[in-house]
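What follows is one structure encoded as structure tokens, with my remarks underneath.
Quick note: the coordinates plus some simple rules give every number you see, no bench work behind them. Note that this is a predicted model, so its numbers are computed, not measured. FYI the Cβ positions are ideal-geometry reconstructions off the backbone, even for glycines, and counts take in every protein chain you see.
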Amino acid sequence: MASAAPAQEAMLAVRNPRTGQADYRLAVSSAEDVTAKAARLREGQQRWAALPLEARCGVMARWLGEVKARAAEIGEADAVDTGGCHTSYLQGFITLANIGGWLEDAPKALAAYRVNGTSAVMPTVEVRSELVPYALVGVISPWNAPLMLALLDAVPALFAGSAVLLKPSEVTPRVIEALFETVRAVPELAAVFDYVSGGGEVGQQVIGQADLICFTGSVPTGRKVAVACAERLIPCFLELGGKDPAIVTETVDLERAATAVLRGAVYATGQVCYSTERVYVHRSVHDAFVAKLVEKARAVRLNAENPRAGHIGPFTFAPQAEIVRRHLADAVAKGAQVLTGGEVEEIGGGLYMRPTVLTGVTHAMEIMREETFGPCIPVMAYADTDEAVRLANDTQFGLTASVLAGSEEGALAIGRRINAGAVFLQDTFLTFGKMRTIGTHSFGFSGLGGSRTGPESILRFVRRKALMTQHGPVADIQDDHHLGQKPAGPAA
Ligand code: NDP
């Protein structure tokens, strides 16, 4: 009898955002691959978690060395994936900062979480704690900033003693393979860190195997992930979209405000979760601000000729251009004016859009309510601070916000009233400022679960277990029923 032909591996053709050509093929992981990798990682995790933290740090330091040696290659691969976003070229170094930062922060954060001492209510009981990592952490990451967002959760999870199974976006797979060359060079790490490839179905298979999920992506997918995690009763941490507002007051330095808003809105072609997506300007300075913004927007150059030159690149994910086009068409149909940009341009197969400033917008338009994720800057006038705050808070999201005012105190007073996990005062785009400093929580649909920033974010990956020793006599069952009752005293 003839033996059965080996099953054909499913392959995905991956589009290059600069040429529009499918020039990379990705083997899709089968359900069996995902199960086998999860089992292998679980086995490796037992040895990994049993290592003292200093020994795990030693392994991670060796990995740091490997990343350092290949930082430039990693940056190049990320740039091919994104189409030449400026931060792509820095990804090798950003990864070094991520690992290096946790080499400093992990020992302190984990030590501070341990409790050893005497029970406050039972003085003869000694309490000690142990931190037990979740064995297998699943990380599901998006196509924007593909390496950074794959590693933001994975790196602290590894320091905590978990194994990590990563499911990166199928849209941007090249950088992940470049990264794993560095992982394979450190066998102890390769035993606890691996990835699988494919789309949403592979993401669901990872959820089926993991003990905890970290997801970064859109609200609709985040909801599916949350439901699947709820079915399995495993914790999930969701980092979702944003519709981040900027408020520009009447006393502001207009030059500074226009510079900050432009960068916040169009950096990386607006494909950043904390991009400025809507701008509210006091009506007394609205026209002057818009004039400056348009002038600056027109000076922004595309990087179509050379990915290292110019300011913004193509859309990384072609369907995103359609979403942006739809938001613009909806806004124009409802009365908005496009002052500059506004067209998706095909250049050499890549899809580009120049910074697009719109006025005459209202909250009835998709461009003011839904995440656009493109280089669009809709500007709306407001009459007083209460109205500005009301408009900024009129959203289902709450990731970040910006306030640009005539004084730092003025910006602070407004910033305190905005519902967002981080508010940037007198600038935009300050997210990196909190990375190692402070953990914050998003509002609305922008996020769910503990923070992914700040040293305490590592605590998401451990459970604190109490070991309690009775040093005194054990309670007699006969005495137990007195517990909780007031001792009998003399009658008043
Ligand atoms: P998606 O939600 O489309 O995808 C995110 C990841 O989930 C991808 O790996 C995707 O796979 C995978 N996935 C798709 N369907 C499922 C499913 N049913 N179950 C499990 N996994 C699934 O997001 P995008 O990739 O489009 O990323 C852009 C979004 O990410 C934006 O909304 C942005 O705001 C948000 N984001 C949030 C950040 C934050 O920190 N809050 C940071 C950066 C981005 P595949 O792509 O292969 O289909």
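Straight-line reach from LYS465: taking Cα to Cα under 12 Å and skipping same-chain neighbours fewer than 8 places apart, the aspartates and glutamates in range are GLU130.
Computed from backbone phi with θ = phi - 60° and the Karplus coefficients 6.51, -1.76 and 1.60, the 3J(HN,Hα) list for the stretch 40-49 is 5, 5, 4, 5, x, 5, 4, 6, 5, 5 Hz; x is used for glycine and proline.
Using equal-weight Cα scatterers in the Debye expression, the normalised intensity of the chain in log10 at q = 0.06, 0.08, 0.11 Å⁻¹ is -0.33, -0.55, -0.94. Between LEU233 and GLN396, the simple label model (points 7 Å from Cα in the Cβ direction) yields a spacing of 3.0 nm.
Compared with the dominant Cα axis of the chain, that is its longest principal axis, helix 174-184 is turned about 30°.
The H on the amide N of ALA27, modeled in the peptide plane, is under 5 Å from the matching H of LEU12, each at least 5 residues off or on a different chain.
What ranking, highest mean first, results for peptides 32-44, 460-472 when packing means the other Cβ atoms within 10 Å averaged over each residue?
Top of the packing list down: 32-44, 460-472.
Both radii are taken from the alpha-carbon atoms of the stretch 183-229; with Rh as the Kirkwood radius, Rg/Rh is 1.06. Label separation (MET122 vs LYS465): 1.8 nm, computed from points 7 Å beyond Cα along the C-beta direction. Relative contact order for the stretch 244-433 using alpha-carbon pairs under 8 Å, separation at least 6, rounded to a whole percent? Relative contact order comes out at 29 percent.
By the rule of a C-alpha distance below 30 Å, with chain neighbours fewer than 8 residues away ignored, the lysines paired with LYS296 are LYS243, LYS334, LYS434. Highest-first packing order for the peptide set 173-183, 381-391, 448-458 is 173-183, 448-458, 381-391, based on the mean count of other beta carbon atoms within 10 Å. Less than 5 angstrom separates the built amide H of GLN426 from those of VAL403, LEU404, ALA405, all sequence-distant by 5 or more or on a different chain. For the stretch 143-157, putting each phi into the Karplus relation 6.51 cos²θ - 1.76 cosθ + 1.60 with θ = phi - 60° gives couplings of 8, 8, 6, x, 6, 4, 7, 6, 9, 4, 8, 4, 5, x, 4 Hz, in residue order, rounded to whole numbers and with x for Gly and Pro.
What's the center-to-center distance, using Cα atoms, between the stretch 221-279 and the stretch 370-401 in Å? If you average the Cα positions of each part, the centres end up 11 Å apart.
Based only on other Cβ atoms within 10 Å, what is the fewest-to-most ordering of VAL14, VAL272, VAL248, VAL125?
Exposure proxy ranking, most exposed first: VAL125, VAL14, VAL272, VAL248.
Neighbours of ASP211 by Cβ distance under 13 Å: Lys/Arg scored +1, Asp/Glu scored -1, total +4. Between GLU387 and ALA69, the FRET efficiency from the beta-carbon distance, with R0 = 51 Å, is close to 0.40. Against the chain, whose longest principal axis comes from its Cα atoms, helix 200-209 is set at around 10 degrees.
Maximal additional length on extending the ALA299-GLU456 stretch stands at 52.3 nm, based on 0.36 nm per residue less the C-alpha distance.
Each residue of the stretch 163-173 is assigned a 3J(HN,Hα), and the resulting list reads 8, 10, 10, 9, 10, x, 5, 5, 6, 10, x Hz, derived from the Karplus form 6.51 cos²θ - 1.76 cosθ + 1.60 (θ = phi - 60°), x at Gly and Pro. Pairs of alpha carbons in the stretch 244-433 separated by more than 28 Å make up 18% of all such pairs.
With respect to the chain, whose longest principal axis is taken over its alpha-carbon atoms, helix 91-113 is tilted by about 30°.
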